[in-house]
Amino acid sequence: MLEKLLKWDRDTFVYLNGLGIEKYDLFWSTATQFTTWIPLFILFVILFYLNFPKKEALHKFLTVLGLALFIALVTHFTKISVARLRPNNTEEINSLIRILKTPTDFSFFSGHASSSFAITTLVFLFLRKKMKWAMFFFVWPILFTMSRIYVGVHYPFDILVGTIAGVLSGTLFFWIYQRFIAPDSKSVHL
């Protein structure tokens, strides 16, 4: 069963990666970089300070930083424990795919997916009652994670599991914030 799942994952990756078009390489290579998204992170901080009292905004910001550290550690230890080679480093398929990035660490699960979905989930939960359009923040992790297949460094299953880990972690940190940090932390609202 596991072998069939891994074969599907490899075959799906090869197919999706093969859909890449050279004229979009610059876009996807840029979308896959953390630094490209710094203006969005700055926007998140600004929105906290525009929508909440200063102390509450600071606590929300620090909760997001704590989440970022948590998900980075969970992702790192999972990668070294599972030790799955990235597609670009897998000899049986790397000659069949388009490779635009060449990281050498392990693949499972995607740190881009876990961190972007974790942060976006938490920011969304913090701002959803203040901003009707907060759901559009999820455009970032969707583009960010799609880019990982395009540039040749993650299988779909890496991204799916990273997304689930990120959403669950963001939700957990929202619960922790509501339960222990929020000004009125006696009530928990999801």
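Values quoted throughout were computed directly from the atomic coordinates according to the rules given, and no laboratory measurement underlies them. From a predicted model like this one, the values you see are computed outputs, not experimental measurements. Please note: Cβ atoms are built from the backbone with ideal geometry, for glycine as well, and neighbour counts cover all protein chains shown.
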Review point. If r is the Cβ-Cβ distance from Val82 to Trp175 and R0 is 35 Å, what FRET efficiency results, to the nearest 0.05?
Key: 0.85
Exercise for review: Please give, to one decimal in nm, the separation of the simple spin-label points placed at Leu58 and Ala72, each 7 Å out from Cα toward the Cβ.
Suggested key: 2.2 nm
Point to revise | For a label point 7 Å along the Cα-to-beta-carbon line of Lys129, residues of region 49-65 with backbone N under 19 Å | key: 49-64
Point to revise | Residue-count net charge about Leu5 - beta-carbon cut-off 14 Å; Lys, Arg +1, Asp, Glu -1 | key: 0
Check your understanding: Between (i) 20.4, 80; (ii) 20.5, 72; (iii) 18.0, 57, which matches Rg and Dmax of the Cα atoms in Å calculated for the structure shown?
Key -> (iii)
Review point. Applying the Karplus parametrisation 6.51 cos²θ - 1.76 cosθ + 1.60 with θ = phi - 60° to the phi angles of region 128-139, what ³J(HN,Hα) value in whole Hz is obtained for each residue in order, glycine and proline being reported as x?
Key: 4, 7, 8, 9, 5, 8, 4, 4, 5, 4, 6, 4
Practice item. Quote to one decimal, in nm, the extra length available between Ile42 and Ser95 on full extension: 0.36 nm per residue of separation minus the C-alpha distance between them. Key: 15.1 nm
Exercise for review: Please turn the phi angles of region 57-73 into ³J(HN,Hα) values with the Karplus equation 6.51 cos²θ - 1.76 cosθ + 1.60 (θ = phi - 60°), one per residue in order, whole Hz, x for glycine and proline.
Suggested key: 4, 4, 5, 5, 4, 5, 5, 5, 4, x, 4, 4, 5, 4, 5, 5, 5
Practice item. Identify all aspartates and glutamates with a Cα-Cα distance to Lys4 below 14 Å; exclude those on the same chain that are fewer than 8 residues away in sequence. Key: none
Review point. So which of Lys55/Lys132; Lys79/Lys129; Lys23/Lys132 end up more than 31 Å apart, counting from Cα to Cα?
Key: Lys79/Lys129; Lys23/Lys132
**Study point:** Mean ellipticity per residue at 222 nm, deg cm²/dmol - from DSSP H runs of n ≥ 4 across the chain, formula -39500 (n - 2.57)
**Key:** -20500 deg cm²/dmol
